[in-house]
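Presented below is the structure to which this report refers.
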Amino acid sequence: MKRDNILVSIITVVYNGEKYLQQTINSIKEQSYQNIEYIIIDGGSTDKTIDIIKDNRDIINYWISEEDKGLYDAMNKGIKLAKGKLIGMVNSDDWYEFNTIEMVVKAYQENPNKSIFHGDRYDILESKERRRFNYNPSILKFKYYSMTFSHPTMFISDEEYKEHIYNINLASHADYQFVLKSLLKDKNKFYYINKPLTNFRLGGISGNMPFFKRLREGYIARKYAGLSTIENIFSYIFRLIVFTIVKIKIK
């Protein structure tokens, strides 16, 4: 199959995202790869988001604006609409590098047995400085401590999404549950691209969530991903100990 014959679906979930949405859309418009289906799922914005969407209808294949049950519900809506062989998620305040999709498609063609492609990202600081966030391959750290994969860099096959989607009962850890469940089932389905794929503005739901709520969500996510009860309890205690030590050092 020719490289440009592979349809890639990109989904942007947005709610009152007028500040950065145009930059996100531009990063899709300016991709070096052209066979893209672009979907925007809006949660019922009350600012100028809808105007921005309408002004870019030439690049957007489908969009809806309606109330949803949160970020992951909106993502699931986009996945159900997507027709691409590979599906990527770019947040409404983030943007791709100009050749991100081309690199992912190349990796997919060379590794057709893989179903989850991911890479590094640039974290965007308040000073606008870009700092590279590299993938940490430690499975132990991922299982028991924190998300070492960068979900905003992921491109996931339509077949993988047929097996499971995002848990809408979680506010911030549904992507972690999704990735952990996939890894526990078959770690060989992942393919790492050693390049920054996404520019990611720091903050968001998980960054602002109180620690003990994050701890609880992490426990639930690990449980439903299939981690054993003993391993999950170990993770809970370990993360609590690390948090306590860090808090004491700060004081």
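One line per residue, one yes/no per condition, for (1) modelled with pLDDT of 95 or more; (2) of a type in the set (V, I, T); (3) over 24 Å from I10 (Cβ atoms):
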residue	(1), (2), (3)
D120	yes, no, no
E126	no, no, yes
N134	yes, no, no
K143	yes, no, yes
P152	yes, no, no
E160	yes, no, no
I165	yes, yes, no
A171	no, no, no
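Give the residue, chosen from I59, I79, I87, I52, that is on the phi < 0 side of the Ramachandran plot and in contact with a Leu (Cβ under 9 Å, 6 or more places away or on another chain).
I52
Please work out which one of (1) out of contact with any Lys or Arg (no Cβ under 8 Å at 6 or more places or on another chain); (2) closer than 28 Å to S228 by Cα is the condition S127 fails and give its number.
Unmet for S127, out of (1) out of contact with any Lys or Arg (no Cβ under 8 Å at 6 or more places or on another chain); (2) closer than 28 Å to S228 by Cα: (2).
Give segment 130-145 a look and list any residue that's touching a Lys or Arg at 6+ places or on another chain (Cβ under 8 Å) and free of Cβ contacts under 8 Å to residues at least 60 places away in the same chain, or say none.
Result: I139, single match.
Could you tell me which numbered condition K114 fails, if it satisfies all but one of (1) closer than 17 Å to D175 by Cα; (2) in contact with a strand residue (DSSP E or B) (Cβ under 9 Å, 6 or more places away or on another chain); (3) part of a loop (DSSP other than H, G, I, E, B)?
Condition (1) is where K114 drops out.
Quickly run through segment 1-47 and pick out the residues that are surrounded by fewer than 22 Cβ atoms within 10 Å (Cβ to Cβ), touching a helix residue (DSSP H, G or I) at 6+ places or on another chain (Cβ under 9 Å), polar (S, T, N, Q) and not in a loop (DSSP other than H, G, I, E, B).
Q22, S27
Is it true that some residue in segment 48-57 is in a strand (DSSP E or B) and either within 25 Å of K162 (Cα to Cα) or basic (K, R) (or both)?
no
Taking I241 as meeting all but one of (1) at pLDDT below 95; (2) in a helix (DSSP H, G or I); (3) surrounded by 15 or more Cβ atoms within 10 Å (Cβ to Cβ), write down the number of the exception.
(3)
Tell me which of these E110 doesn't satisfy, since it passes every other one: (1) of a type in the set (D, E); (2) closer than 25 Å to D186 by Cβ; (3) surrounded by 19 or more Cβ atoms within 10 Å (Cβ to Cβ).
The single condition E110 does not satisfy is (3).
Please specify each residue of segment 1-16 satisfying the condition of being within 17 Å of the chain's Cα centre (by Cα) and either at pLDDT below 95 or not polar (S, T, N, Q) (or both). Spell out how you get there, then give the answer.
Taking segment 1-16 as the starting set, the residues that turn out to be within 17 Å of the chain's Cα centre (by Cα) are 8-15.
Matches in segment 1-16: V8, I10, I11, V13, V14, Y15.
Any idea which of I165, I220, I230 is among the β-branched types (V, I, T), more than 30 Å from I6 (Cα to Cα), touching a residue at least 24 places away in the same chain (Cβ under 8 Å) and not in a strand (DSSP E or B)?
On inspection, the qualifying residue turns out to be I220.
Which of (1) in contact with a Gly (Cβ under 9 Å, 6 or more places away or on another chain); (2) more than 27 Å from L240 (Cα to Cα) is the odd one out, the single condition I168 does not satisfy?
Exception for I168: condition (2).
Hey, any hits in segment 195-203 for a residue that's in a helix (DSSP H, G or I), at pLDDT 95 or above and crowded, with 18+ Cβ neighbours inside 10 Å? Explain how you work it out, then say what you get.
At the first step, the residues of segment 195-203 found to be in a helix (DSSP H, G or I) are none.
Checked against the condition, which is being in a helix (DSSP H, G or I), at pLDDT 95 or above and crowded, with 18+ Cβ neighbours inside 10 Å, segment 195-203 yields no hits at all.
Return the total of residues in segment 65-80 being outside any helix (DSSP H, G or I) and either among the basic types (K, R) or surrounded by fewer than 15 Cβ atoms within 10 Å (Cβ to Cβ) (or both).
Filtering segment 65-80 for residues outside any helix (DSSP H, G or I) gives 65-70.
Cutting the leftovers down to either among the basic types (K, R) or surrounded by fewer than 15 Cβ atoms within 10 Å (Cβ to Cβ) (or both) gives us 66-67, 69.
So the count comes out to 3.
The values are calculated or read from the model by the stated rules, or taken from the named source; none is laboratory data. The structure displayed is predicted, hence computed values, not measured ones. Reconstructed Cβ throughout: ideal geometry from the backbone, glycine too, with neighbour counts over all protein chains shown.
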